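Data first, discussion second: the structure below is written as structure tokens.
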Amino acid sequence: MEVEQLKQEIIDYGKQIGIDKIGFASVDVFSELKARLKRQEELSYKSGFEKGSLEERTNPAKMLPEAQSIISIALAYPSRLKDAPKSTKTDRRGLFCRASWGKDYHHILREKLEQLATFIGDRVYAFHYKSMVDTGELSDRAVAERAGIGFSGKNCAIITPEFGSYVYLGEMITNIPFPPDSPVEDSCGDCTKCIDACPTGALVQGGQLNAQKCIAFLTQTKGFLPDQYRSKIGNRLYGCDTCQLVCPKNRNMNFHLHPEMEPDPEVVKPKLKPLLKMSNREFKGKFGDISGSWRGKKPIQRNAIIALAHYKDESAVGDLIDVMNDDPRPVIRGTAAWALGKIGTNAAVKAVQTAKKRENNEDVLLEMEKGLNYYNSSTDSN
């Protein structure tokens, strides 16, 4: 079969199975990406979640020795929540970022790529391929940019003309020499809205991210959240959408094309207090199907505690005292103590002072001090 004809058949089949955009790229080494990744490492901007060596991340042949082309796919996801529940003074809610709405996108895109692989395998003898979604060695964004899916914006996201940056990406390295598509022209221009709006200044310059400062990364860490970022995450439980929300290219972009991506409002905008004492079984039952659960409940619970402190939610004091007194995990216990100091009711402060006398963990004791100092400084200023 002619390669050009097969390419068109793949494009047509992709539309049939719900792939919103598909592009084809060469397997040349990603030289610019390689230089950028080296620079990221030198500046200590890496998140630590990256997979593979520098060579594996920039040379497709390292992943598939017979590589001749890469197929890039994109699926659009919703940007607005239907029937969003309201956060009230006694029932504050947290928020999962849009990329964690609905069924875990890793599963959705892997299924699409497997369907594509079966389709191609039925037509090509000795078809070899390797598929990746997000957690693979190759950069989804670099592949998508080369394949003409969209351009790489200053917010470090692929921006498509049709769907803005609200797209999930995946790719398949193949041993078929498909002719490559042309890249999309970068049209950020002089706009710096994403850089200006980033809560932590993680967008160092257009297209360069310091992952160590990025809220999306910070919400996924498992240790104590650094002090300077606690006031920045607000009620975010997982991820951050600020740089997408302010992007002019995303104006009026809201697509509900895939039923499995439709979010359950009670899952993606959950009440905070019930999260504090949730068991592993309960957590998996409620959040196990979304991508935001991949790090387990500990980061989500820590972020929920910080969110309650952000709101200074006095109705949560009793729950936070229980967590401070009873939770076996120092990060959760200590963050609860800090939050109680920030909320600053008499009952909260007395509970921290009492718990401090029997606490043995140095990290937790430090958090208790921070909480009490915050309370003392705020009462002094009044």
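Only one entry in Leu75, Leu81 is outside any loop (DSSP other than H, G, I, E, B) and at pLDDT 90 or above, namely Leu75. Apart from one condition, Leu365 fits all of (1) surrounded by 14 or more Cβ atoms within 10 Å (Cβ to Cβ); (2) more than 26 Å from Ile300 (Cβ to Cβ); the exception is (2). Scanning the stretch 272-292 for residues that are of a type in the set (Asp, Glu) and exposed (fewer than 15 other Cβ atoms within 10 Å of the Cβ) yields a single hit, Glu282.
The numbered conditions (1) farther than 20 Å from Thr88 by Cβ; (2) within 17 Å of the chain's Cα centre (by Cα) are all true for Phe283 except (2).
Checking each residue in the stretch 344-361 for being part of a helix (DSSP H, G or I), out of contact with any Leu (no Cβ under 8 Å at 6 or more places or on another chain) and touching a residue at least 24 places away in the same chain (Cβ under 8 Å) picks out Ala347, Ala355. Residue by residue through the stretch 298-326, note down the ones that are without any contact (Cβ under 8 Å) to a residue 40 or more places away in the chain and surrounded by 18 or more Cβ atoms within 10 Å (Cβ to Cβ). Gln301, Ile305, Val317, Ile321, Met324 - these are the residues of the stretch 298-326 that are without any contact (Cβ under 8 Å) to a residue 40 or more places away in the chain and surrounded by 18 or more Cβ atoms within 10 Å (Cβ to Cβ). Hey, among the residues in the stretch 180-206 that are surrounded by 19 or more Cβ atoms within 10 Å (Cβ to Cβ) and more than 17 Å from the chain's Cα centre (by Cα), which one's farthest from Ile332 (Cα to Cα)? So the residue we want is Val184. Here is a list: Leu209, Leu237, Leu138. Which entry is surrounded by 19 or more Cβ atoms within 10 Å (Cβ to Cβ) and farther than 29 Å from Met63 by Cβ? Residue meeting the stated conditions: Leu237.
Can you tell me which of (1) loosely packed, with under 15 Cβ neighbours inside 10 Å; (2) out of contact with any helix residue (DSSP H, G or I) (no Cβ under 9 Å at 6 or more places or on another chain) is the one Lys269 doesn't meet? If we test Lys269 against (1) loosely packed, with under 15 Cβ neighbours inside 10 Å; (2) out of contact with any helix residue (DSSP H, G or I) (no Cβ under 9 Å at 6 or more places or on another chain), just (1) comes out false. Per the conditions (1) outside any loop (DSSP other than H, G, I, E, B); (2) surrounded by fewer than 18 Cβ atoms within 10 Å (Cβ to Cβ), the sole criterion not satisfied by Arg295 is (1).
The values are calculated or read from the model by the stated rules, or taken from the named source; none is laboratory data. None of these values were measured; they are calculated from a predicted model. All Cβ positions, even for glycine, are placed from backbone atoms using ideal geometry, and neighbour counts span all protein chains on display.
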